[in-house]
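Enquirer: Sharing a structure below in structure tokens format, with a few things to ask.
The values are calculated or read from the model by the stated rules, or taken from the named source; none is laboratory data. Remember, it's a predicted structure, so these values are computed and weren't measured experimentally. Every residue, glycine as well, gets a Cβ built from its backbone with ideal geometry; the counts of neighbours run over all protein chains shown. Accessible surface is based on the protein model in full, side chains and every heavy atom, while ligands, DNA and RNA are left aside. Shrake-Rupley method; radii C 1.70, N 1.55, O 1.52, S 1.80 Å.
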Amino acid sequence: MAEVAVYASSYREARNNFLRAARRAGAKHQAYHHPTERGPAGEPLFLDVSVLGPGNAANVFVVGSGTHGIEGYSGSAAQCAWLRGRPRLPKDTAVVFFHAQNPWGFAHKTRTTEENVDLNRNFIDFSKAVPANPGYAELHPQLVTQVWEPAAVDAIFARLDAFRERVGEKAFSDAFNGGQYTHADGIFYGGAQPQWANNAFRGAVQTHLGRARRVAYLDLHTGIGPWGEHIYLCFDPEGSPARERARAWWGERAVNLQGVTHKALATYNGTIIDAFASLLPEAEVTTIVVEFGTLPRREMQRAGMAQRWLRFEGHRDPVLAARVRREYEAAFYPADPEWRRAALEQSQEFIDRGVKGISSS
Ligand SMILES: [Zn+2]
């Protein structure tokens, strides 16, 4: 029975839970300390990497949490619960946990980094021209608001709806959340440089996974899919061996977008799973995103814009900001015990299936 007490209310608590569970399971640990930033209580911030099983294993299954900061609370709980379950590993197999991949966002309970960057759009090649997103440039002035009140938000949605009707679902998704590199005070901003979390992640992948022959990476998120249920996002093309492995390990739903209500997913730039695969060119790599569903898509779009308002405008109205912040946090990290229990139980099963899959491929 999954134990909901494993859900933390602060980054420090989540980290302590994780380190204790990893230590008791016998994992080896390495911390990557953020050199300049701290949490809201002044606490230090880390990417924590724990390796359970042989350091030279041929098969390595990796579970990452907190690419999107606040989404890491449920990912962290899933990691802790799995470690507490006294797992027995298949032969020549290791399980590696990346805890709090964006620790600043995790600690400050927001999706983005200390520079308002969506880490999952930040893994582009900054030595080249950044990807263009003319649709976002058109949308940005239409979704910026200094006042967060129902009439203003309704007006934004009316403009978004008009834009979507004009350009279609796919172009709308690309514009809105595909990632943009021009508006540092906007939403889904990919940044002007690699974030600290980006560099730490790449260093950790090379240090801990460079010797493995088969590697899989499961990146845990929240915010897409039906309430209390998990959905898979597989970005490998139809017919590719990586996609077939995902299908074999987790079933048809790993590749058929079951439960995804987006009419058209954006083409995302600079994702962490793409970076992961490109860092390990010699290995057989399987990557998958798992999302735990929370609120309907429109509410999540609202939350994305609320985050922008909180960060850049909220200081004008601290009382309203406190309420908007509570709503924002609930959208990515629901407090409902039934949601938490369901997410935890499901996570144990799909981690088990991934570990079994990589050791039998
Ligand atoms: Zn996410």
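Enquirer: Would you be able to say whether some residue in the stretch 7-21 is in contact with a His (Cβ under 6 Å, 6 or more places away or on another chain) and more than 16 Å from the ligand (Cβ to nearest atom)?
Expert: Yes, some residue in the stretch 7-21 is in contact with a His (Cβ under 6 Å, 6 or more places away or on another chain) and more than 16 Å from the ligand (Cβ to nearest atom).
Enquirer: For the stretch 35-51, give me the residue count where each residue is open to solvent by 10 Å² or more (accessible area, probe 1.4 Å), closer than 15 Å to residue 99 by Cα and either in contact with a Pro (Cβ under 7 Å, 6 or more places away or on another chain) or among the polar types (S, T, N, Q) (or both).
Expert: Summing the residues that are open to solvent by 10 Å² or more (accessible area, probe 1.4 Å), closer than 15 Å to residue 99 by Cα and either in contact with a Pro (Cβ under 7 Å, 6 or more places away or on another chain) or among the polar types (S, T, N, Q) (or both) in the stretch 35-51 gives 1.
Enquirer: Checking residue 136 against (1) touching a helix residue (DSSP H, G or I) at 6+ places or on another chain (Cβ under 8 Å); (2) farther than 23 Å from residue 313 by Cβ; (3) more than 16 Å from the ligand (Cβ to nearest atom), which single condition isn't satisfied?
Expert: (2)
Enquirer: Can I ask one more? Quick check: anything in the stretch 268-277 more than 19 Å from residue 220 (Cβ to Cβ) and within 16 Å of the ligand (Cβ to nearest atom)? Spell out the reasoning first.
Expert: Taking the stretch 268-277 and keeping what is more than 19 Å from residue 220 (Cβ to Cβ), we get 269.
Those left that are additionally within 16 Å of the ligand (Cβ to nearest atom): 269.
Looking through the stretch 268-277, at least one residue is more than 19 Å from residue 220 (Cβ to Cβ) and within 16 Å of the ligand (Cβ to nearest atom).
Enquirer: Across the stretch 208-224, which residue is nearest to residue 330 (Cα to Cα) among those that are of a type in the set (A, V, I, L, M, F, W, C) and assigned to a loop (DSSP other than H, G, I, E, B)?
Expert: Of everything passing the filter in the stretch 208-224, 224 is nearest to residue 330 (Cα to Cα).
Enquirer: When residues of the stretch 33-51 are filtered for being part of a strand (DSSP E or B) and either of a type outside the set (Val, Ile, Thr) or more than 23 Å from residue 208 (Cβ to Cβ) (or both), how many remain?
Expert: Residues meeting the conditions: 12.
Residues are listed down the side, and each one gets a yes or a no for (1) among the aromatic types (Phe, Trp, Tyr); (2) assigned to a loop (DSSP other than H, G, I, E, B); (3) more than 16 Å from the ligand (Cβ to nearest atom):
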| residue | (1), (2), (3) |
| --- | --- |
| 228 | no, yes, yes |
| 247 | no, no, yes |
| 282 | no, yes, yes |
| 287 | no, no, no |
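Enquirer: Can you find a residue in the stretch 306-329 that is within 30 Å of residue 149 (Cα to Cα), assigned to a loop (DSSP other than H, G, I, E, B), of a type outside the set (Asp, Glu) and under 20 Å from the mean Cα position of the chain (by Cα)? Let's see the steps before the verdict.
Expert: Applying the first criterion (within 30 Å of residue 149 (Cα to Cα)) to the stretch 306-329 yields 306-329.
Next, from what is left, pick out any that are assigned to a loop (DSSP other than H, G, I, E, B): 313, 317.
Those left that are additionally of a type outside the set (Asp, Glu): none.
There is no residue in the stretch 306-329 that is within 30 Å of residue 149 (Cα to Cα), assigned to a loop (DSSP other than H, G, I, E, B), of a type outside the set (Asp, Glu) and under 20 Å from the mean Cα position of the chain (by Cα).
Enquirer: Tell me whether the stretch 339-349 contains one or more residues that are within 22 Å of residue 175 (Cβ to Cβ), among the polar types (S, T, N, Q) and either surrounded by 16 or more Cβ atoms within 10 Å (Cβ to Cβ) or modelled with pLDDT of 95 or more (or both). Reasoning before the result, please.
Expert: So in the stretch 339-349, the residues within 22 Å of residue 175 (Cβ to Cβ) come out as none.
Scanning the stretch 339-349 turns up no residue that is within 22 Å of residue 175 (Cβ to Cβ), among the polar types (S, T, N, Q) and either surrounded by 16 or more Cβ atoms within 10 Å (Cβ to Cβ) or modelled with pLDDT of 95 or more (or both).
The rows are residues; the columns are (1) within 16 Å of the ligand (Cβ to nearest atom); (2) modelled with pLDDT of 95 or more; (3) closer than 27 Å to residue 276 by Cα.
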residue: 62; (1), (2), (3): no, yes, yes
residue: 66; (1), (2), (3): yes, yes, yes
residue: 73; (1), (2), (3): yes, yes, yes
residue: 106; (1), (2), (3): yes, yes, yes
residue: 109; (1), (2), (3): yes, yes, yes
residue: 153; (1), (2), (3): no, yes, no
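Enquirer: Anything in the stretch 230-242 that is away from the ligand (no atom under 16 Å from the Cβ) and either assigned to a loop (DSSP other than H, G, I, E, B) or open to solvent by less than 30 Å² (accessible area, probe 1.4 Å) (or both)? List them, or say none.
Expert: The answer is 236, 237, 238, 239, 240, 242.
Enquirer: What are the residues in the stretch 195-225 that are open to solvent by 20 Å² or more (accessible area, probe 1.4 Å) and away from the ligand (no atom under 16 Å from the Cβ), if any?
Expert: Narrowing the stretch 195-225 to residues open to solvent by 20 Å² or more (accessible area, probe 1.4 Å): 196, 199, 202-203, 206-208, 210-211, 213-214, 224.
Across the stretch 195-225, the qualifying residues are 196, 199, 202, 203, 206, 207, 208, 210, 211, 213, 214.
Enquirer: May I pose another question? When the residues of the stretch 74-98 are filtered to those that are of a type in the set (Gly, Ala, Ser) and farther than 30 Å from residue 194 by Cα, which remaining residue is surrounded by the fewest Cβ atoms within 10 Å (Cβ to Cβ)?
Expert: Per the criteria, the residue is 85.
Enquirer: Give the stretch 99-130 a look and list any residue that's surrounded by fewer than 17 Cβ atoms within 10 Å (Cβ to Cβ) and not small (Gly, Ala, Ser), or say none.
Expert: 115, 125, 126, 128
Enquirer: For residue 147, which of the numbered conditions (1) away from the ligand (no atom under 16 Å from the Cβ); (2) in contact with a Ser or Thr (Cβ under 9 Å, 6 or more places away or on another chain); (3) of a type in the set (Val, Ile, Thr) fails to hold?
Expert: (2)
Enquirer: Across the stretch 142-151, which residue is most open to solvent (accessible area, probe 1.4 Å) among those that are assigned to a helix (DSSP H, G or I) and under 15 Å from residue 304 (Cα atoms)?
Expert: The initial filter retains those residues of the stretch 142-151 that are assigned to a helix (DSSP H, G or I), namely 142-143, 150-151.
Keeping just the survivors that are under 15 Å from residue 304 (Cα atoms) gives 142-143.
Values: 142: 47, 143: 4 Å².
Filtering the stretch 142-151 for residues that are assigned to a helix (DSSP H, G or I) and under 15 Å from residue 304 (Cα atoms), the one most open to solvent (accessible area, probe 1.4 Å) comes out as 142.
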